[in-house]
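Chemist: Handing you a structure now.
Quick note: the coordinates plus some simple rules give every number you see, no bench work behind them. Quantities reported herein were computed from a predicted structural model and do not represent experimental measurements. Cβ coordinates were reconstructed from backbone atoms using ideal geometry, including for glycine residues, and neighbour counts include every protein chain displayed.
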Amino acid sequence: MAQQEKNRKVRAVLAGGLVLGVGVAVTLAAWNDSEFAEGVFGTGHFNMQGSVDGINFTDHASGAAASLSFAVEPGSMSPEDTVAAPFVLHLDEETTNNAKVNVASALGSGTAVDQLSYAIVQVPSLTDCKPEATGTVIVPPGTAFGAATGVATFDLTKSDVSGEPGADAFLCVQVTAAEDLIQDTSATATWEFVGQSVS
């Protein structure tokens with residue numbers, strides 16, 4: 001009888017020990033620790049500006065296009081004449097990325113538009129823009145208004161000098177009259193240049 005009582009106490013102690021062991025394991029498993037990391041993000045700035053004289057640069061929105069000095073008026077152009085006008089682009093002084101630019105559209109209207117074609121070449125300077133100018137071809141000669149066949153992109157670089165704009169890109173827009181140009185007609189053309197930021 002005494003032996004049974006002793007065995008029962010031993011089992012009770014062992015059982016208690018097992019319970020205590022389980023309790024310790026649960027307590028250890030409940031410990032945890034966390035680390036947090038934070039990043040603060042801001043956006044850069046991207047703005048392309050245009051100029052007809054290479055001096056006065058501004059933004060030209062749709063409906064407020066820069067006025068190129070073309071003489072596409074009745075009596076001004078004759079069949080197979082070519083006229084040219086410069087347009088200069090750069091990135092403003094706060095722009096944080098370089099840009100790749102393309103001619104997104106060239107829309108024409110008026111009675112003479114079907115007898116006119118255009119080309120755009122990139123030239124070294126403003127004064128190099130002439131009807132016969134050659135350079136890096138952005139839009140090939142003979143392109144019809146409303147078409148963008150063979151259009152190439154060109155690059156604009158952001159400035160590395162604080163407070164100064166990026167390098168100028170000198171474009172020469174050339175418009176040529178067809179040999180069947182009709183007298184006393186006129187046309188208006190609008191070009192859209194789109195710049196996309198690149199790293």
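Chemist: Whole-Hz Karplus ³J(HN,Hα) for the stretch 39-48, in order, using 6.51 cos²θ - 1.76 cosθ + 1.60 and θ = phi - 60°, x for Gly and Pro?
Modeler: Once rounded to whole Hz, the list reads x, 10, 10, x, 9, x, 10, 9, 8, 9.
Chemist: Once amide H atoms are placed 1.01 Å from N in the peptide plane, what residues at a sequence separation of 5 or more from A187, or on another chain, have their amide H within under 5 Å of its amide H?
Modeler: Amide H neighbours of A187: A112.
Chemist: Give me a comma-separated list of calculated 3J(HN,Hα) values for the stretch 171-180, in order, Karplus coefficients 6.51, -1.76, 1.60 applied at θ = phi - 60°, integers in Hz, x for any Gly or Pro.
Modeler: Residue by residue, the stretch 171-180 yields 9, 10, 8, 10, 10, 10, 8, 6, 5, 9 Hz.
Chemist: With charges only on Cβ, +1 for K and R and -1 for D and E, what is the dipole size of the stretch 115-199 about its Cα centre, in debye, rounded to 20? It would help to have the intermediate numbers written out before the result.
Modeler: Details: 2 positive and 10 negative charges, 29 e Å.
Value, rounded to 20: 140 debye.
Chemist: Give the long-range amide H neighbours of N98: residues separated by 5 or more places, or on another chain, with amide H under 5 Å away, using H modelled in the peptide plane at 1.01 Å from N.
Modeler: Those lying under 5 Å, H to H, from N98 are K158, V198.
Chemist: To the nearest 20 debye, what is the magnitude of the charge dipole of the stretch 41-175 about its Cα centre, counting +1 on the Cβ of each Lys and Arg and -1 on the Cβ of each Asp and Glu?
Modeler: So the dipole magnitude of the stretch 41-175 works out to roughly 300 debye.
Chemist: Convex hull over the Cα atoms of the stretch 48-198, averaged projected area in nm²?
Modeler: Mean shadow area of the hull around the Cα atoms is 8.6 nm².
Chemist: Would you please give the residues with an amide H less than 5 Å from that of F193, counting only those at least 5 places away or on a separate chain, with H modeled from the backbone geometry?
Modeler: HN-HN under 5 Å from F193: A104.
Chemist: Would you mind computing, in nm to one decimal, how far apart the modelled labels at S69 and F36 are, each placed 7 Å from Cα along Cα→Cβ?
Modeler: Those two pseudo-labels are separated by 6.3 nm.
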